[in-house]
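The values are calculated or read from the model by the stated rules, or taken from the named source; none is laboratory data. All figures in this text were calculated on a predicted structure; none of them were measured in a lab. Here the Cβ is made from the backbone with ideal geometry for all residues, glycine too, and neighbour counts use every protein chain on show. Only protein heavy atoms, including side chains, enter the accessible area calculation; ligands, DNA and RNA are left aside. Shrake-Rupley method; radii C 1.70, N 1.55, O 1.52, S 1.80 Å.
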Amino acid sequence: RLQAFERQLQIHAGKKRSEVVQAYRSGNKSAIQADEFVANYRKRLAIIDKPGLTLDQIKRRVSALVKLKLLNPVRLLVIDYLGYLAGGPKNASLVERVSELARGVKQIAKELHTVVLLISQTSRNAGDGSEEVTITDARDSGAIEDSADFLIGCWRPELKTGISEERFYQVEGDLWFKILKGRRG
């Protein structure tokens, strides 16, 4: 939760992490526009930092926050990540569990009338994250691909072994994305 807050504040203020930390330590929150950030995001951002929730628990928590007017209607729900979700059929194989969870995520999107971004790992065949991700690199089950309206792969080209120094500085800090599947074109 703290890391997510810190990153969002960095983006909002256009400052480096060290500047944000220093501003908080020195009590100079105005230098990083912290009060403005909190006021702007008070009802727009909720972080539930509890691994092992079921999809039903997530849906109930989000619905309760909206009902209590602690959160504006949700336009984006991010689940970071699939491996932390509890639930799925008992005594089922990993593929069956992932399939059930993937369908459940789709159902939550429909019930909450929102976009759900589900983060999932790639398989070991995908390498170290330095190469372009393909649709076959999804981990555990094709059910994620089957249930998803969009499948987006991401990688960090700066991690590539043998990258030239010049190319490294061109892509340093970049996170590249590619739409691997787009339902409805």
Residue under question is LEU77, and the condition is that it be within 30 Å of ARG42 (Cα to Cα), of a type outside the set (D, E, K, R) and touching a helix residue (DSSP H, G or I) at 6+ places or on another chain (Cβ under 8 Å); does it hold?
yes
Reported set for region 78-101 where residues are open to solvent by 70 Å² or more (accessible area, probe 1.4 Å) and farther than 25 Å from GLY182 by Cβ is TYR84, LYS90, ASN91, LEU94, GLU96
Within region 57-72, of all residues that are exposed (fewer than 13 other Cβ atoms within 10 Å of the Cβ) and in contact (Cβ under 8 Å) with a residue 12 or more places away in the chain, the one farthest from LEU45 (Cα to Cα) is LYS69
For region 158-185, pairs from a residue that is modelled with pLDDT of 90 or more to a residue that is polar (S, T, N, Q), with Cβ under 7 Å and 6 or more apart or across chains, are none
Contact list, first residue from region 1-26 and over 17 Å from VAL78 (Cβ atoms), second anywhere and in a helix (DSSP H, G or I) and open to solvent by 70 Å² or more (accessible area, probe 1.4 Å), beta-carbon distance below 7 Å, six or more apart or interchain, is GLN10/ARG17; ALA23/LYS29
When (1) basic (Lys, Arg); (2) out of contact with any helix residue (DSSP H, G or I) (no Cβ under 6 Å at 6 or more places or on another chain); (3) open to solvent by less than 60 Å² (accessible area, probe 1.4 Å) are applied to LYS16, the one that fails is (3)
Screening GLY142, GLY127, GLY87 for residues that are out of contact with any helix residue (DSSP H, G or I) (no Cβ under 7 Å at 6 or more places or on another chain) and on the phi > 0 side of the Ramachandran plot leaves only GLY127
Subset of region 123-180, residues of a type in the set (Phe, Trp, Tyr), part of a helix (DSSP H, G or I) and exposed (fewer than 12 other Cβ atoms within 10 Å of the Cβ), comes to TYR169
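Yes or no, residue by residue, for (1) at pLDDT 85 or above; (2) out of contact with any His (no Cβ under 6 Å at 6 or more places or on another chain); (3) farther than 18 Å from ILE119 by Cβ:
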position	(1), (2), (3)
VAL21	yes, yes, yes
GLN33	yes, yes, yes
LEU45	no, yes, no
GLY88	no, yes, no
LYS106	yes, yes, no
Conditions (1) surrounded by 14 or more Cβ atoms within 10 Å (Cβ to Cβ); (2) free of Cβ contacts under 8 Å to residues at least 24 places away in the same chain -> GLY104 fails only (2)
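Conditions tested, residue by residue: (1) under 30 Å from VAL66 (Cβ atoms); (2) not aromatic (Phe, Trp, Tyr).
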| position | (1), (2) |
| --- | --- |
| ASP128 | no, yes |
| ASP137 | no, yes |
| PHE150 | yes, no |
| VAL171 | no, yes |
| ILE179 | yes, yes |
